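These notes concern the structure reproduced below.
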Amino acid sequence: MLGIDAAGLATALSRTSATGVSVRVRAATSGITDSSTALQVRQVPASANLNPNSFGTLTAFGRTASASCVVLDSASDTIPNHACTWSAGTAGVVSFNPTTAQTTTITAVGNGTTTVRAQAATALFGINQVTVNQVPASIRISPANFGVTPDVEMKTSQTAPFYGIVLDSMNHPDQKDSVTWSTNNAAVANVSGAATLDSTVVTTFATTGAATITATSGTATASRIVNVTSTPISYATSVQPIFTTNCTSCHAGPGAPQGMSLVSGVSYNNIVEKVAGEVPTLARVRSFRPDSSYLVHKIEGTQTSVGGSGARMPLGCVGSSCLDNPTINLIRNWILQGAANN
């Protein structure tokens, strides 16, 4: 711990804790001894090293890297278990947990490059860099597939917006990469517009058949098979019977929940382009946009994913008592075709 030579010069010989250790010093001569506890041995931070030397690139939000600091005294000897306070030179790129410790976990939260800094005592030590650069890993296309083939159905000579959300390997939306759209059958259904962050317009023509619409970003791709038909889905003969059979026991008359009567003759005007009571930012049915229609989320049971609440519809349904996938897809495709009152 402490060595003292014959001249009384004290030298620290071993490591201490960060708070130091009090040492009793004794002096003896001619049989007389005296001592003092006034001398304290404490290593004072003079520099620090970061480990590892390079963090490389984190390719997805939520990806992590471990970092530790080694704090040294003026003699370049390690101070055991000395904590550092961790911070970044640029806000919003990474976070630290814990923020004060010898070892921390760095988590990617935003694209960019920032310095990683470890501070010991009052001086700043250990500066390094980390880069966050999301890499496309998958693409989610809207309108979504709901478990039937073909994926979606459009009528001849119509347009509809398609959206592609690029995701990194941790399924976080990629904030910087664009989607390029293509079709394998432009005579049936074609894409339009330059690559954007999220959307294109699909246009169908007089020819019926199928076309595969593909979204590409880097090495990530996703597709929707669009079936083009000359016979549009009828609200009166295809959609209304679903409501009559499954929903009018609750949603009937002026006193229906949310004021949404689904009886024949009034149901259409109560749902199409009408504000959803549980989520005022959404319409109950938004023409051409099934994934932005709250009615779709309620019958799929995904209402909480868009800020909604309450039970899946039909009310109280579980498993096979809920609408089956083909029925849900029929409603989705009616909306994709423009939610006509036909």
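Projecting label points 7 angstrom from Cα along Cα→Cβ for Asp198 and Thr149 puts them 3.1 nm apart.
Distances between placed amide hydrogens fall under 5 Å for Ala210 paired with Val228, all partners being 5 or more residues away or on another chain.
Amide H contacts of Met313 (H built 1.01 Å from N, in plane; Pro and chain starts excluded): Ile299, Gly301 sit under 5 Å, all sequence-distant by 5 or more or on other chains. Within the set [x] 5, 18, 18, 15, 12, 10, 8, 6, 4, 3, 1, 0; [y] 5, 22, 26, 18, 13, 9, 5, 2, 0; [z] 5, 24, 31, 23, 13, 4, 0, 0, the number that P(r) over Cα pairs in 10 Å bins from 0, in percent takes when calculated for this structure is listed as [x].
Under 13 Å Cα-Cα from Lys176, which aspartates and glutamates qualify once same-chain neighbours fewer than 8 residues away are excluded? Within the straight-line limit of under 13 Å, Lys176 reaches these aspartates and glutamates: Asp168, Asp198. Taking Cβ separations below 4.7 Å as the criterion for a possible disulfide partner, the isolated cysteines in the chain are Cys247, Cys250. Could you tally the net charge around Val272, taking each other residue with its Cβ under 13 Å from the Cβ of Val272, Lys/Arg +1 and Asp/Glu -1? Cβ neighbours under 13 Å give a net charge of +3.
Calculate the dipole size of region 138-229 relative to its Cα centre from +1 charges on Lys and Arg beta carbons and -1 charges on Asp and Glu beta carbons; express the result in debye to the nearest 20. Numbers along the way, then the final one.
Details: 4 positive and 6 negative charges, 35 e Å.
Approximately 160 debye in magnitude.
Counting only alpha carbon atoms, the long axis of helix 325-336 and the longest principal axis of the chain meet at about 80°. As an exercise, take the mean of 1/r over every pair of distinct alpha carbons in region 83-156, invert it, and state the Kirkwood radius in angstroms. For region 83-156, the Kirkwood estimate is 15.5 Å.
Would you work out the charge dipole size for the chain about its Cα centre, treating the Cβ of every Lys and Arg as +1 and the Cβ of every Asp and Glu as -1, and quote it to the nearest 20 debye? All intermediate terms of the calculation are to be shown ahead of the outcome.
Working: 17 positive and 15 negative charges, 61 e Å.
Rounded to the nearest 20 debye, it is 300 debye.
Here the spin labels are modelled as points 7 Å beyond Cα on the Cα-Cβ line, and at Ala210 and Ala236 they lie 3.2 nm apart. For the chain, the residue among Ala75, Ala137, Phe288 whose Cα projects farthest onto the positive side of the dipole built from Cβ charges is Phe288.
Selection among Gln240, Pro326, Tyr268 by position relative to the dipole of region 235-336 gives Tyr268 as farthest towards the positive end (Cβ unit charges, Cα centre).
Simple spin-label estimate for Ser74 and Thr107 gives 4.1 nm between the two label positions (7 Å along the Cα-to-Cβ direction from each Cα). Taking a point 7 Å from the Cα of Met170 along the Cα-to-Cβ direction, none of the residues of region 183-220 has its backbone N closer than 15 Å to it.
Karplus-based coupling profile of region 105-119, in residue order and whole Hz: 10, 8, 10, 6, 10, x, 5, x, 10, 9, 7, 10, 10, 10, 10, with θ = phi - 60° in 6.51 cos²θ - 1.76 cosθ + 1.60 and x standing for Gly or Pro. The 3J(HN,Hα) values that the Karplus relation (6.51, -1.76, 1.60; θ = phi - 60°) gives for region 178-193 are, in residue order, 9, 9, 9, 9, 8, 9, 9, 8, 5, 6, 9, 8, 10, 9, 9, x Hz. Gly and Pro appear as x.
The phi torsions of region 89-101, fed into the Karplus equation with coefficients 6.51, -1.76 and 1.60 and a -60° offset, translate into couplings of x, 10, 6, x, 9, 9, 10, 10, 8, x, 7, 10, 5 Hz, rounded to whole numbers, with Gly and Pro shown as x.
In the chain, taking the dipole from charged Cβ atoms about the Cα centre, the farthest positive-side position among Phe125, Ser199, Ser66 is held by Ser199.
Taken together, the values in this text are just the output of simple stated rules run on the coordinates, not laboratory data. Everything numeric here is computed off the predicted structure, so don't read it as measured data. With ideal geometry, Cβ positions are generated from the backbone for all residues, glycine too; neighbour counts draw on all protein chains shown.
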